[in-house]
Amino acid sequence: MERPAWAPRSIDISVPSVSRMYDYYLGGSHNFEVDREAARRAMEFMPGLPKIMQANRAFMRRAVRFAAGEGVTQFLDIGSGIPTFGNVHEVAQAAAPGARVVYVDHDPVAVAHSQAVLEGHDGAGVVAADLRKPREILDSPEVLRLIDLNRPVALLLVAILHFVEDADDPYAAVAELRQALAPGSMLVLTHASYEGIPLPAERAEGAVDVYQDIRNPLIMRTRDEIARFFEGYDMVEPGLVPMPQWRPDTAPEDEDPYGFSGFAGVGRTA
């Protein structure tokens, strides 16, 4: 397989990546045939996966505009993925000129592309780090340069926690990040779940098995398990709901049924 010029030399282009699969679902071009093959296998079981990803991105944009409208102008986006249309810094800075954004990902392609997109951009930066090691994120030069932890921060954990296994204690990582943030900070979160998928669970499990096969397990948590990530936060109305139902711009009933798969919510610390 020929290596494209945009692919860092350090990555194995024969192994699927969840961030490149996500890019493929959204119609992006920064993915390889191995990613497309894995994504197509997952879509054999859940053909609406692209609709889920679109609903996820639409929620993220609404939540960023909401946070900016509430006066939160610092954004820490962990698990940010490969840049695509309507990135956090674009949405945030349109809503609040001067907003600061730090993207965090451990995928080398996502990091490389974020660096390219942000070149010459003083108000945003990127960190190569892992959600499971919060201190490395918080102590990184880009976070220290761009984010004032004494002021409220919007912490974005969008479509990332369902790739952290219970053995890695994602609840502890989220709590450690919360404890480092100033009062008035927000948690913006989406998470996959069998609840809401317009398919029998046993069929949806076929798509989950694809992620298991590529050694990136997809952890489908219940609504109650997802709600635990918001401990220490007061939920913003309408609470933890399917993505199209969180402060929608258009009538939720017009959304594709797959968009209601999983949950989204925003919490704020007192």
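Values for this structure:
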{"read-out": "Yes/no for Arg215 being among the basic types (Lys, Arg) and at pLDDT 95 or above", "value": "no"}
{"read-out": "Subset of segment 195-210 [charged (D, E, K, R) and part of a helix (DSSP H, G or I)]", "value": "Glu202, Arg203, Glu205, Asp209"}
{"read-out": "Residue within segment 61-68 that is crowded, with 18+ Cβ neighbours inside 10 Å and touching a His at 6+ places or on another chain (Cβ under 9 Å) present", "value": "no"}
{"read-out": "Members of segment 242-254 found to be open to solvent by 20 Å² or more (accessible area, probe 1.4 Å) and either under 24 Å from Asp224 (Cα atoms) or in contact with a Lys or Arg (Cβ under 8 Å, 6 or more places away or on another chain) (or both), listed by number", "value": "Pro242, Gln245, Arg247, Pro248, Asp249, Pro252"}
{"read-out": "Residues satisfying the stated conditions in segment 12-30, i.e. touching a Ser or Thr at 6+ places or on another chain (Cβ under 8 Å) and part of a loop (DSSP other than H, G, I, E, B)", "value": "Leu26, Gly28"}
{"read-out": "Breaking point among (1) open to solvent by less than 30 Å² (accessible area, probe 1.4 Å); (2) not in a loop (DSSP other than H, G, I, E, B), for Gly81", "value": "(2)"}
{"read-out": "Selection from segment 222-241 of residues that are on the phi > 0 side of the Ramachandran plot and open to solvent by 20 Å² or more (accessible area, probe 1.4 Å)", "value": "Gly232"}
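For (1) under 21 Å from Leu131 (Cα atoms); (2) without any contact (Cβ under 8 Å) to a residue 60 or more places away in the chain, each residue gets a yes or a no:
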| residue | (1), (2) |
| --- | --- |
| Leu156 | yes, no |
| Ile160 | yes, no |
| Phe163 | yes, no |
| Asp168 | yes, yes |
| Leu199 | no, no |
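The values are calculated or read from the model by the stated rules, or taken from the named source; none is laboratory data. For clarity, every value in this text was computed on a predicted model and none was experimentally measured. With ideal geometry, Cβ positions are generated from the backbone for all residues, glycine too; neighbour counts draw on all protein chains shown. The accessibility values were calculated without ligands, DNA or RNA, using every heavy atom of the protein model including side chains. Shrake-Rupley method; radii C 1.70, N 1.55, O 1.52, S 1.80 Å.
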